[in-house]
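One structure is given below, encoded as structure tokens.
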Amino acid sequence: LPAHPEVPAALRALRDTGLTAVALVNSVESVGEAQLTNAGIRDCFDRVISADSVKRLKPAREPYQAVADAYGVPISDVRLVAAHSWDVTGALAAGCRAAFVARPGMVLSPLGRRPDIVGPDIAAVVDRIIAIDAGEQRP
């Protein structure tokens, strides 16, 4: 599928901050790589990590922890960005930071913790990530 119109520029702005951007996918790595490549945004990510590598799908803790382990950082230094409440809830429960992209029809779960960043599209979310995280150099 093509990326939403604002996604390429927003992800490139994020990449230019020096923050590490990882695509954490539930599909096998080769499929995740192909999806990002076909959407024209693979260059915006330092790495693709598949939940398959830990044999547990998101929202289980293990995929989020795999990102932290891959970069040798505490899980609290990882921020998940997603438009799915189940993914945000899983990341927060695992100890990550999170940001929610509140596209039309997407709502946060009324249960559990809420992310500190919520925006209507990826551009707004990336602006907040840059403001909050870029100085900290968190992945």
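The values are calculated or read from the model by the stated rules, or taken from the named source; none is laboratory data. Treat the numbers as computed from the prediction; the structure is a model and nothing was measured. For neighbour counting, all protein chains shown are included, and Cβ atoms are generated from backbone atoms with ideal geometry for every residue, glycine included. These accessible areas exclude ligands, DNA and RNA; they are computed on the full protein's heavy atoms, side chains included. Shrake-Rupley method; radii C 1.70, N 1.55, O 1.52, S 1.80 Å.
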Q.
When you check Val73 against the structure, is it free of Cβ contacts under 8 Å to residues at least 24 places away in the same chain, in contact with a Pro (Cβ under 7 Å, 6 or more places away or on another chain) and among the aliphatic types (A, V, I, L, M), yes or no?
A. no
Q | Residue under evaluation Asp69, criteria (1) under 23 Å from Val126 (Cβ atoms); (2) open to solvent by 30 Å² or more (accessible area, probe 1.4 Å), criterion not met | A | (1)
Q. Is there any pair linking a residue in the stretch 111-131 that is modelled with pLDDT under 95 to one that is in a helix (DSSP H, G or I), with Cβ under 7 Å and at least six apart or on different chains, and which?
A. Gly112/Thr89; Gly112/Leu92; Gly112/Ala93; Arg113/Leu92
Q: Return a yes/no flag: does the stretch 122-138 have any residue that is in a loop (DSSP other than H, G, I, E, B), in contact with a helix residue (DSSP H, G or I) (Cβ under 9 Å, 6 or more places away or on another chain) and open to solvent by less than 30 Å² (accessible area, probe 1.4 Å).
A: no
Q: Please go through the stretch 40-63 and pick out each residue that is over 19 Å from Leu108 (Cα atoms) and not charged (D, E, K, R).
A: Gly40, Ile41, Cys44, Phe45, Val48, Ile49, Ser50, Ala51, Ser53, Val54, Leu57, Pro63
Q. Which of the residues that make up the stretch 86-102 are open to solvent by 30 Å² or more (accessible area, probe 1.4 Å) and in a helix (DSSP H, G or I)?
A. Trp86, Thr89, Ala93
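Out of the residues in the stretch 1-59 that are outside any loop (DSSP other than H, G, I, E, B), among the acidic types (Asp, Glu) and open to solvent by 70 Å² or more (accessible area, probe 1.4 Å), state the one that is farthest from Arg103 (Cα to Cα). Break it down into steps so the answer makes sense when it comes.
Pass one, the stretch 1-59, residues outside any loop (DSSP other than H, G, I, E, B): 7-15, 22-25, 29-38, 42-44, 47-54.
Among the residues that remain, those that are also among the acidic types (Asp, Glu) are: 29, 33, 43, 52.
Retained after the next criterion (residues that are open to solvent by 70 Å² or more (accessible area, probe 1.4 Å)): 29, 43.
On the way: Glu29: 26, Asp43: 23 Å.
Per the criteria, the residue is Glu29.
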